[in-house]
Amino acid sequence: MPDILLRYQAEIWQAIGETFIMVGVSILAAILVGLPVGTLLYLCRKGNLLENRFVFSSLNLLVNIIRSFPFLLLVVFLIPFTRLIMGTAIGTAAATVPLSIIAFAHYSRLVEQSLLEIPKGVIDAAVSMGASVKEVVFKFLLVESRSGLVVGLTMSTISFISYSTIMGVVGGGGVGDFAIRYGYQQFQTDLMLYVIVIMVILVQMIQFIGMTIARKIDKR
Amino acid sequence: MMEWGLFVIELQNVTKKFGNHTAIQNVSLTVHQGEIHGLIGASGAGKSTMLRVMNLLEIPDSGSVYVGERELTTRSKRELREARKRIGMIFQHFNLVLNKTVEQNVAVSLQLAQVPKHQRIDRVRECLRFVGLEDQMDKYPAQLSGGQKQRVAIARALANEPEVLLCDEPTSSLDPHTTSEILTVIRDIHERLGVTVIIVSHEMNVIKSICQRVTVMDQGTIYETVQIESSGIPRSDRSPERFIKELKNDA
Ligand SMILES: Nc1ncnc2c1ncn2[C@@H]1O[C@H](COP(=O)(O)OP(=O)(O)OP(=O)(O)O)[C@@H](O)[C@H]1O
Ligand SMILES: [Mg+2]
């Protein structure tokens, strides 16, 4: 283990912990909000089961706006909102607010895309068997798109890691912030490189695990 | 002859448009209980649309659809779903859930009908035995041939003991031999289970082989409905001896 990593051991572990919190909450937001929103986008689309122009256009616009914001500006723009719901706009916990918002928007698009890949005939079959919309979603759509949903979540998670690296601007900490403050700003380029290596390994692992699971559950 | 007096499905002045395009125009049709009714016509004539109107997969712009004594077009969503459970449907591309096993594909239709779990497995097995796939329960659709996939779809459609089976080009992506096999299964369903069958096809052979009445469609309207004597399903011998014989005969 290189000396410099040992010297900053405590700080590095703390930074990793912060990153895990930020990314973990983002993943939760993706699943709890992004999945339903993506499904709703799909269902409300023209020609689909809950076709509804108003709901579709509104959600579509919302997701587009969030996604087209440069993320740094979104974080700054959301400061008053963050303060409103968290009591403060500073710190790791507060940082999860903008992250959750980009997370749900990011993942909902990928959910929508995965659902769009399902052949329409499967839905015809489900409806002809007397399935309700809820049953179509849970017993057919999510089953058929499950590997796409996992691939999407994997890609989203990797993006969330990247997004989390700039949360230093609002005192969110995390690995990216550590690399900037201790590596870049203190001219310890080797430290910065080590951190980057750690990140690359982390991303590789996530990619590998996600893709392995996706392959395992795909019977198509 | 069967009780032609009763009807199972009746369309009254049904019109269905897609945008500006009228897919079917003011059609009225009565399908009798216990018949195998064919729908034939050129591509785009409105055959599939007419079939899909029968279980309200396509909601007509005007007109009424009766199934049995029930008018479907005026039902609530929940009642419509209940009615659909009594109407089986199969498709050209089978439309199985590829991430479910054969068993799960059939079981889901029982699940939707709230059949208790312990009864499901026996019924699934029974339906798969009927179509000759009892030994393939744990396979996924990707591991099956086209004919086998259509059998699974048929088993799924049969699970809730439907009164009617709607078939949209059920053999159009199958080879002649497999077509004969599937037609035999459909005829068995008709003969042994007393299910009324409506079959859409653009293949004259298919229609002639098992139908008793045939409706010819043209540009969204019914051209004529005729009664025919079904010619029987062509036997298809796949033995190597037969191939050799045919090859030599043709030479
Ligand atoms: N969902 C849809 N949206 C728009 N137009 C449609 C839709 N379904 C059918 N149509 C149109 O309605 C007409 C009738 O279609 P339908 O599928 O009933 O014909 P078909 O007789 O079954 O033809 P084929 O033999 O090609 O299956 C066609 O012109 C078709 O393009
Ligand atoms: Mg058709």
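Quick note: the coordinates plus some simple rules give every number you see, no bench work behind them. Bear in mind that the values here come from a model prediction, so they are computed numbers and not experimental data. Quick reminder, even Gly has a Cβ in these numbers, built from the backbone with ideal geometry, and neighbours come from all protein chains shown.
Kirkwood Rh, Cα Rg: Rg to Rh for region B:1-131? Show your work: numbers first, answer last.
Details: Rg = 16.9 Å, Rh = 16.8 Å.
Reported Rg/Rh (Cα atoms, Kirkwood Rh): 1.01.
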task = Report the GluC sites (Glu not before Pro) located in region B:151-210 that are in a DSSP loop and have at most 14 other Cβ atoms inside 10 Å of their Cβ, or state none.
result = B:Glu203
remark   = For chain A the mean separation of alpha carbon contacts under 8 Å (6+ apart) over residue count, i.e. relative contact order in percent, is 27
task = With unit charges on the beta carbon (Lys/Arg positive, Asp/Glu negative), name the residue among A:Ser108, A:Ile206, A:Leu78 whose Cα is farthest towards the positive pole of the charge dipole of region A:17-217.
result = A:Ser108
query = Using bins 20 angstrom wide from zero, how does P(r) for the protein assembly as shown break down, in % of all Cα pairs?
reply = 21, 41, 24, 12, 1
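Loop by DSSP (not H, G, I, E, B), at most 13 other beta-carbon atoms within 10 Å: where is the longest site-free stretch of chain A for GluC sites (Glu not before Pro)? Let's see the in-between values first.
Details: sites that count: A:Glu51, A:Glu117.
With GluC sites (Glu not before Pro) excluded where exposed in loops, chain A gives A:118-220 as its longest stretch.
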task = Take every Cα-Cα distance within chain A, group them into 5 Å bins from 0 onward, and report for each bin the whole-number percent of pairs it holds.
result = 1, 7, 13, 16, 16, 14, 12, 9, 6, 4, 2, 1, 0, 0
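Select from region A:119-220 those chymotrypsin sites (Phe, Trp or Tyr not before Pro) which occupy a DSSP coil region and have at most 16 other Cβ atoms within 10 Å, ordered by residue number. Mind dumping the intermediate values first?
Working: sites: A:Phe138, A:Phe140, A:Phe160, A:Tyr163, A:Phe178, A:Tyr182, A:Tyr184, A:Phe187, A:Tyr194, A:Phe208; in loops: A:Phe187.
Answer in residue order: A:Phe187.
What trypsin sites (Lys or Arg not before Pro) does region B:162-251 have in DSSP loop regions with at most 12 other beta carbons within 10 Å? Don't skip to the end; give the middle numbers.
Details: sites: B:Arg187, B:Arg192, B:Lys208, B:Arg213, B:Arg235, B:Arg238, B:Arg242, B:Lys245, B:Lys248; in loops: B:Arg235, B:Arg238.
Passing both the DSSP loop test and the Cβ count: B:Arg235, B:Arg238.
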message = Can you compute the label reach from A:Asp218? Point 7 Å from Cα along the Cβ direction, backbone N cut-off under 12 Å, restricted to region A:149-180.
response = A:149-152
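Would you compute, from DSSP H runs of 4+ residues alone, the mean residue ellipticity of chain A at 222 nm, taking -39500 (n - 2.57) per run and dividing by the full residue count, rounded to the nearest 500?
On the way: 11 runs with 153 residues, N = 220.
Counting only the DSSP helices, I get -22500 deg cm²/dmol.
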Lysine pair count for chain B [Cα-Cα under 28 Å; pairs on different chains or 8 or more apart] = 26
ask   = Mean residue ellipticity at 222 nm from the helices of chain B, using -39,500 (n - 2.57) per DSSP H segment of n ≥ 4 over the full residue count, to the nearest 500 deg cm²/dmol?
value = -11000 deg cm²/dmol
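For Cα pairs less than 8 Å apart in space and 6+ apart in sequence, what is the mean separation divided by the residue count of chain B, i.e. the relative contact order in percent? All intermediate terms of the calculation are to be shown ahead of the outcome.
On the way: 476 pairs, mean separation 63.2, N = 251.
It comes to 25 percent, rounded to a whole number.
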task = Let me know the charge dipole size of chain A about its Cα centre in debye, to the nearest 20, where only the beta-carbon of Lys, Arg (+1) and Asp, Glu (-1) is charged.
result = 600
message = Compute the distance from the alpha-carbon center of region A:42-68 to that of region B:66-140, in whole Å.
response = 31
Separation between Cα centres of region A:107-185 and region B:16-51, rounded to whole Å = 41
query = By how many nm would the segment from B:Asp135 to B:Glu203 lengthen if fully extended, with 0.36 nm per residue of separation less the alpha-carbon distance?
reply = 21.3 nm
task = Provide, for chain A, the number of lysine pairs with alpha carbons under 21 Å apart, each pair being eight or more places apart or on different chains.
result = 7
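At 4 °C and 1.567 mPa s, what whole-number value in µm²/s does Stokes-Einstein give for the translational diffusion of region A:86-163, with Rh from the Kirkwood sum over Cα pairs? Intermediate values should be presented prior to the final figure.
Numbers: Rh = 14.4 Å.
Translational diffusion coefficient: 90 µm²/s.
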message = Rounded to two decimals, what is the ratio between the C-alpha radius of gyration of region A:1-109 and 2.2 N^0.38 Å?
response = 1.36
